[in-house]
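The values are calculated or read from the model by the stated rules, or taken from the named source; none is laboratory data. Note that the structure is predicted; figures quoted are calculated from it, not measured. As a convention, Cβ positions derive from the backbone with ideal geometry for all residues, glycine included, and neighbour counts pool all protein chains shown. Ligands, DNA and RNA are excluded from the accessible area calculation, which covers all protein heavy atoms including side chains. Shrake-Rupley method; radii C 1.70, N 1.55, O 1.52, S 1.80 Å.
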Amino acid sequence: MLPSKADYRAIIKNIHLQYSDTYRKKQENSIKHNILKLISTYKYETCAIYYGTKTEPNLPINDIINMFSTILAPKYINNAYQFVETSTPKLTTTGKFNIQEPTNYKRIETQLLKNPRILFFIPGVAFTENGQRLGHGLGIYDKLLKYTCGINIGVCFNYQQVRSIPTEPH
């Protein structure tokens, strides 16, 4: 029997604390290389980024800015997270749940998210090889991705890749 989602989150967090900042930076460099290699295979104009928390890898935002004409990012508006367009993704402020958010943004129509030619970089606590994701427990990305049709790319440290995680339908 699998541990509960809460137990799994605690296990991964404890594993995260065992690794040094130096090790995590080395992992981020490897992740950056893999992301840039992956991006080069797609000829998309729009990309949705996330702003990493202390337990999530940082995206190579400087490189991403140069490879996409439109950058989307999550922002907390009207009691919910939603994707917004940002022309300056490096300018952020601390928002809800201590998550960075763009300061300069433009609201977008939900219909835009149905475009199958958008790359969505997705953070999480753990991922399986077949695409299951365990988030932080607030359902933020479950709600954000509900109406999207693009390519979802889970981004994580190697110790966040697991065989199985407890899941439930959303």
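Assorted remarks:
- Charge dipole (segment 1-95, unit charges on Cβ, about Cα centre) - positive-most of Thr92, His16, Ile64: His16
- Set of segment 60-80 residues, backbone N closer than 15 Å to the point 7 Å along the Cα-Cβ line of Asn152: none
- Ligands, DNA and RNA left out, the 1.4 Å accessible surface of the chain is 49% carbon and sulfur atoms.
- Loop chymotrypsin sites (Phe, Trp or Tyr not before Pro), segment 84-170 (other Cβ atoms within 10 Å of the site Cβ: 15 or fewer; DSSP): Tyr147
- Structure remark: mean-square fluctuation, Gaussian network model of the chain, C-alpha springs under 10 Å; the largest value among Gln27, Gln18, Gln132 belongs to Gln18.
- Coil-residue trypsin sites (Lys or Arg not before Pro) of segment 6-88, DSSP, other Cβ within 10 Å capped at 13: Lys43, Lys54
- The modelled label-to-label distance for the pair Asn115/Asn14, using points 7 Å beyond Cα in the direction of Cβ, is 4.5 nm.
- Principal-axis tilt of helix 21-41 within the chain, Cα atoms, nearest 10 degrees: 50 degrees
- Helical mean residue ellipticity (222 nm; -39500 (n - 2.57) per DSSP H run of 4+; nearest 500) of the chain: -8500 deg cm²/dmol
- Segment 1-62 and segment 76-117: distance between their alpha carbon centers, rounded to Å: 19 Å
- Largest GNM mean-square fluctuation across Thr22, Thr103, Thr55, computed for the chain with C-alpha springs under 10 Å, falls on Thr22.
- All-pairs Cα distance distribution in segment 1-93, expressed in whole percent, bin size 5 Å: 2, 11, 18, 18, 17, 16, 12, 5, 1, 0
- For Lys114, a cut-off of 22 angstrom between C-alpha atoms picks up these lysines, skipping any fewer than 8 places away in its own chain: Lys43, Lys75, Lys106, Lys143, Lys146.
- Hydrodynamic radius of the chain per Kirkwood, over alpha carbon pairs, in Å: 16.7 Å
- Cleavage-rule hits (chymotrypsin sites (Phe, Trp or Tyr not before Pro)) in segment 30-70: DSSP loop, at most 11 neighbouring Cβ within 10 angstrom: none
- Potential extension, Thr103-Asp7 segment - 0.36 nm per residue separation minus Cα distance: 31.1 nm
- Full extension of the chain segment joining Thr167 with Leu91 gains 23.9 nm, where the gain is 0.36 nm per residue of separation less the Cα-Cα distance.
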